[in-house]
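Shown next, in structure tokens, is the structure this report addresses.
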2 protein chains.
Amino acid sequence: MQTAISAPTNLDHTLLALADPTRRAILRRLSGGEARVTELAQPFAMSLNAVSKHIRMLERAGLVHRRRVGREHFLSFQPEPLDEAAAWIESQRAMWTARLDALENLLLAEDRAAANPPPRKETADEER
Amino acid sequence: MQTAISAPTNLDHTLLALADPTRRAILRRLSGGEARVTELAQPFAMSLNAVSKHIRMLERAGLVHRRRVGREHFLSFQPEPLDEAAAWIESQRAMWTARLDALENLLLAEDRAAANPPPRKETADEER
């Protein structure tokens, strides 16, 4: 069965938005409370325009909400998209752990079988 | 203080590698066990070359290991980079939860103060 290539999902946007140190730093700053675009740009050695592009990627992912008061734009952190990203990573780790556990049980069963071998017909014959 | 823009980190590579449905599907397949490149490409409606590019992004992130046996290439899943990605997301969610808890405590304290107001001087004077 062929898997169709589909349009980017919410999860794609979230992970892509997180895959940059500047955008992660912006989110860390916003998790401490609402801020203006100019306040967010201040710690970064980049233009306001470059920071605005990062903010738009965070908005597209639903990680940042923009509130307009006249000409002022206030940005706030929206944590909900992180749930899906965390769930995907955890499910992948869980699958891996389950596979390792199955492998460990198999090896333990083999160890037990080697330590307590079933009585062999030949040995019984030799002892008689 | 200005934050310098640095080279992409391991975490950047990991999150970028995960930000695509085809690459996530490849990882899910590999978490079930080692596979050849051709086996991985089979379910996707794309060229072997396109799939190879996705695999190289997963290798760069350290999520996939390539084992060569003669001309055959076997790919396996390496879960370690997921730990850092999960840790970052969890730390962000924890900061947010801590902030919500602090806000809730503040509101509860205000509710309690409103329900049990301190005795006012004026009231005592009126009753006398």
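The values are calculated or read from the model by the stated rules, or taken from the named source; none is laboratory data. The shown structure was predicted, so the numbers you read here are calculated from the model rather than taken from an experiment. We place every Cβ from the backbone using ideal geometry, glycine too, and count neighbours over all the protein chains shown. Heavy atoms of the whole protein, side chains included, go into the accessibility calculation; ligands, DNA and RNA do not. Shrake-Rupley method; radii C 1.70, N 1.55, O 1.52, S 1.80 Å.
See the values below:
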quantity: Those residues of region B:59-75 which are basic (Lys, Arg) and either facing chain A (nearest Cβ under 10 Å) or farther than 11 Å from B:Ala17 by Cα (or both), in sequence order; calculated: B:Arg66, B:Arg67, B:Arg68, B:Arg71
quantity: Of all residues in region B:59-78 being within 25 Å of the chain's Cα centre (by Cα) and either among the hydroxyl-bearing types (Ser, Thr, Tyr) or open to solvent by 80 Å² or more (accessible area, probe 1.4 Å) (or both), the one that is nearest to B:Leu11 (Cα to Cα); calculated: B:Arg60
quantity: Cβ pairs under 6 Å, 6+ apart, first in region A:76-95 and facing chain B (nearest Cβ under 9 Å) and of a type in the set (A, V, I, L, M), second open to solvent by 50 Å² or more (accessible area, probe 1.4 Å) and part of a helix (DSSP H, G or I); calculated: A:Leu82/B:Arg93
quantity: Close pairs (8 angstrom Cβ cut-off, 6 or more residues apart or separate chains): facing another protein chain (nearest Cβ under 7 Å) in region A:7-36, among the basic types (Lys, Arg) and not in a loop (DSSP other than H, G, I, E, B) anywhere; calculated: A:Leu18/A:Arg24; A:Ser31/B:Arg99
quantity: Residues within region A:96-109 that are facing chain B (nearest Cβ under 10 Å) and either open to solvent by 80 Å² or more (accessible area, probe 1.4 Å) or outside any helix (DSSP H, G or I) (or both), tallied; calculated: 2
quantity: Residue within region A:45-58 that is part of a helix (DSSP H, G or I), more than 12 Å from chain B (Cβ to nearest Cβ), free of Cβ contacts under 8 Å to residues at least 24 places away in the same chain and within 20 Å of the chain's Cα centre (by Cα) present; calculated: no
quantity: Where A:Ser91 falls short, out of the listed (1) closer than 20 Å to B:Ala85 by Cα; (2) surrounded by 13 or more Cβ atoms within 10 Å (Cβ to Cβ); calculated: (2)
quantity: Enumeration of residues in region B:59-95 that are in contact with a Ser or Thr (Cβ under 6 Å, 6 or more places away or on another chain) and assigned to a strand (DSSP E or B); calculated: B:His65, B:Phe77
